[in-house]
Amino acid sequence: MLTEVIFCITCYTIVLTIEYLPLIFENRQLDKVPELHYFSHNLHEIMVVFAATGTFLSFFHQGSLGGLYGVMFARPFAFREGFFIWPWTFFLFVASAIASGPALTILVCKMVEGVSRKKLVRREAILLLAKVTGYLLAFYMVVKILDTWWWATHTAPNMGVSFRDFYLAPYGLWLLVAEIGVCGIIPAIILLLPKAREDDVLLIVACVLNCTGIVINRFVFTVQNLALPVLPFEQVQIYVPTWQEWAPTVALLAYGALLLSLSYRYLPMFPRERELNPID
């Protein structure tokens, strides 16, 4: 499954690069070159093929990552029953990624607007995206709660363990409350209520909580899952990342920020920027 995950991510990265090429060729200087102009135009014509391919690859890399945990018989915290050969975690990981993706898009747009001090995206578009995110997150919360309830009352007891056995200090019940309650139900309610999502502060808070909840979900399935004892003589393991582990993460975020800032500076990332910021 991990082989499929890295294969899909590699192919997906190639697709994203291809989708990014027209934006590069629309640079004012590059667009003056006839060959690049026509090549960019032709890419736009067939971009729907790459968009569909990217969606397919993203679906399966998220699903296979979730399915990896769901088939771990020796780890009752992650093991799930499922549909034919697919454990429920396969679908849950896909649903959570879909629910958090638009929220991250909103946060990136708001961040760039804050740094540039300009209006870059129509408010109607942001509010529509927020509404869609609310429905997606609400759906994910329903299936996530049902999955947790079934796992706690049927799957885990059938394997000879109780619900309490999975929440030992420092990985206590607060992680479950934070993931589903604070970072799941609350942002879903905010995004579903028109007056709440129209408030910029509440909108940003909801999007941050949404993304944080997905991070917690991945944390508990990876770290908490491996830290919990499965044999009588084992103890709870405490994992603290070293600076060598933090460094690639910080470097990746820095690379993303650099790419985003250069794209905003030299490429037409926000085509409505001039329309939304008229010069007096």
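The values are calculated or read from the model by the stated rules, or taken from the named source; none is laboratory data. The shown structure was predicted, so the numbers you read here are calculated from the model rather than taken from an experiment. Here the Cβ positions follow ideal geometry from the backbone for every residue, glycine too, while neighbour counts run over all protein chains shown.
Brief remarks on what is shown
- Pair list, Cβ under 7 Å, 6 or more apart: the range 221-233 residue over 16 Å from G172 (Cβ atoms), other residue in a helix (DSSP H, G or I): F221/Y69
- For E234, the criteria (1) part of a helix (DSSP H, G or I); (2) closer than 25 Å to A152 by Cα; (3) over 17 Å from the mean Cα position of the chain (by Cα) hold in every case but one, which is (1).
- Failed item, numbered, when A152 is tested on (1) within 20 Å of V215 (Cβ to Cβ); (2) without any contact (Cβ under 8 Å) to a residue 24 or more places away in the chain; (3) surrounded by 13 or more Cβ atoms within 10 Å (Cβ to Cβ): (1)
- Meets criteria (over 24 Å from G67 (Cα atoms) and assigned by TED's automatic domain parsing to the domain that holds L128) for C211: no
- Residue match in the range 32-53 (condition: out of contact with any helix residue (DSSP H, G or I) (no Cβ under 7 Å at 6 or more places or on another chain), exposed (fewer than 15 other Cβ atoms within 10 Å of the Cβ), over 20 Å from E179 (Cα atoms) and in contact (Cβ under 8 Å) with a residue 40 or more places away in the chain): no
- Qualifying residue in the range 159-172 (condition: loosely packed, with under 13 Cβ neighbours inside 10 Å, in contact (Cβ under 8 Å) with a residue 24 or more places away in the chain and not assigned by TED's automatic domain parsing to the domain that holds K118): no
- Lone unmet requirement of (1) without any contact (Cβ under 8 Å) to a residue 40 or more places away in the chain; (2) surrounded by 14 or more Cβ atoms within 10 Å (Cβ to Cβ); (3) more than 22 Å from L260 (Cβ to Cβ); (4) outside the structural domain of Y12 (by TED's automatic domain parsing) for F59: (4)
Residues are listed down the side, and each one gets a yes or a no for (1) within 30 Å of R28 (Cα to Cα); (2) touching a strand residue (DSSP E or B) at 6+ places or on another chain (Cβ under 8 Å); (3) among the charged types (D, E, K, R):
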position: C211; (1), (2), (3): no, no, no
position: I214; (1), (2), (3): no, no, no
position: V230; (1), (2), (3): no, no, no
position: Y239; (1), (2), (3): no, no, no
position: T249; (1), (2), (3): no, no, no
position: Y255; (1), (2), (3): yes, no, no
position: Y264; (1), (2), (3): yes, no, no
position: E275; (1), (2), (3): yes, no, yes
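- Of the residues making up the range 194-229, those that are in a loop (DSSP other than H, G, I, E, B) and surrounded by 15 or more Cβ atoms within 10 Å (Cβ to Cβ) number 1.
- Of all residues in the range 139-183, those that are in a helix (DSSP H, G or I), of a type outside the set (A, V, I, L, M, F, W, C) and touching a Leu at 6+ places or on another chain (Cβ under 7 Å) total 2.
- Residues that are under 30 Å from L21 (Cα atoms) and charged (D, E, K, R), drawn from the range 41-90: E45
- Annotation note: Cβ proximity below 7 Å between a residue of the range 119-132 that is small (G, A, S) and a residue that is part of a helix (DSSP H, G or I) (sequence gap 6+ or interchain) occurs for A130/I106; A130/L191; A130/R197; A130/L203.
- Residues in the range 234-245 that are under 27 Å from T89 (Cα atoms) and free of Cβ contacts under 8 Å to residues at least 12 places away in the same chain: E234, Q235, Q237, V240, P241, E245.
Results for (1) small (G, A, S); (2) buried (at least 17 other Cβ atoms within 10 Å of the Cβ); (3) assigned to a helix (DSSP H, G or I), shown as yes or no for each residue.
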{"position": "G63", "(1), (2), (3)": "yes, yes, yes"}
{"position": "F73", "(1), (2), (3)": "no, no, no"}
{"position": "F77", "(1), (2), (3)": "no, yes, no"}
{"position": "R80", "(1), (2), (3)": "no, yes, no"}
{"position": "P102", "(1), (2), (3)": "no, yes, yes"}
{"position": "C109", "(1), (2), (3)": "no, yes, yes"}
{"position": "G114", "(1), (2), (3)": "yes, no, yes"}
{"position": "K118", "(1), (2), (3)": "no, no, no"}
